[in-house]
1. Which of the peptides 98-106, 34-42, 133-141, 120-128 is most tightly packed, and how do the rest follow, judged by the mean count of other Cβ atoms within 10 Å per residue?
2. If packing is taken as the average number of other Cβ atoms within 10 Å across a peptide's residues, how do 73-86, 11-24 rank, most packed first?
3. What is the spread of the Cα atoms of the stretch 1-44 along each of their three principal axes, largest first, in whole Å?
4. What angle, in degrees between 0 and 90 and rounded to the nearest 10, separates the Cα long axis of helix 97-110 from the longest principal axis of the Cα atoms of the chain?
5. Under 1.5 on a/c is rounded, so check that first for the stretch 77-119, then, if it is not, pick prolate when a/b is larger than b/c and oblate when it is not; a ≥ b ≥ c are the square roots of the alpha carbon gyration tensor eigenvalues.
6. So if I take the centroid of the Cα atoms in the stretch 3-47 and the same for the stretch 89-162, what is the distance between those two points in Å?
7. With θ taken as phi - 60° and the coefficients 6.51, -1.76 and 1.60, list the Karplus ³J(HN,Hα) couplings across the stretch 24-37 in order, rounded to whole Hz; mark glycine and proline as x.
8. Quote the relative contact order of the stretch 64-203 in percent (integer), defining contacts as alpha-carbon pairs under 8 Å separated by 6+ residues.
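Laboratory data are not the source of any read-out in this text; all were calculated from the coordinates shown. All figures in this text were calculated on a predicted structure; none of them were measured in a lab. With ideal geometry, Cβ positions are generated from the backbone for all residues, glycine too; neighbour counts draw on all protein chains shown.
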Amino acid sequence: MLTDLKTALRPAFVLTALFALLLGLAYPALITGIAQMAFPHQANGSLIREGDRVIGSELLGQKFTGDGYFHGRPSAAGADGYDAAASAGSNLGPTSQALVDRVKADADAHRTSPGQSVPADLVTTSASGLDPHISPEAALSQVVRVAAARSIKRATVEALVRRHIEAPMFGLLGENRINVLALNRALDAVPRVTALDRTAPRP
């Protein structure tokens, strides 16, 4: 009886150990090695560096609040938003007064003239709270504020926005979008208008 039990259990233990080694160690190690060789940037988190310093990732949004920067979507990830260790949505329903108040406050903050419509992605959070992109419409709606804060011609800022529009993958998957961190980094590289130039008319 005991011999029969050992005979029956041995293949189960052997197969469990074999597949644990193959699928738990060998296969992940193989895929990781291929990814590191073929796509090292993506495999290491699509990190963005300035010199030796990591300043962000192409895949994770950051909180920008200054008038001289383009703002991303609101975030409910963590207490202050954009917390990569607490990725989440707010889970507030359409009847939540807290949600209504928050959306109204965000819309008022982005509105530059009475009755102006505000792109939806500037007042709605993503499911992850870490979305790094906004729509081209959301970026273009902020051009006047950013240009004024930086004393840069509006046409210059608008052209910068249009250059950073990313098309859908393969022309089919997703929508046109703009990476906020990439756009703000490019914005920091644009020279500001000098005091003598500020008297010149701006479009």
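1. 133-141, 120-128, 98-106, 34-42
2. With the highest mean Cβ count within 10 Å placed first, the list reads 73-86, 11-24.
3. 58, 11, 6
4. 50 degrees
5. Details: a/c = 3.18, a/b = 1.69, b/c = 1.88.
Here the stretch 77-119 falls in the oblate category.
6. Computed from Cα coordinates, the inter-centre distance equals 45 Å.
7. Calculated HN-Hα couplings, in order: x, 10, 5, 5, x, 5, 5, 5, 5, x, 5, 5, 5, 7 Hz.
8. Computed value for the stretch 64-203: 25 percent relative contact order.
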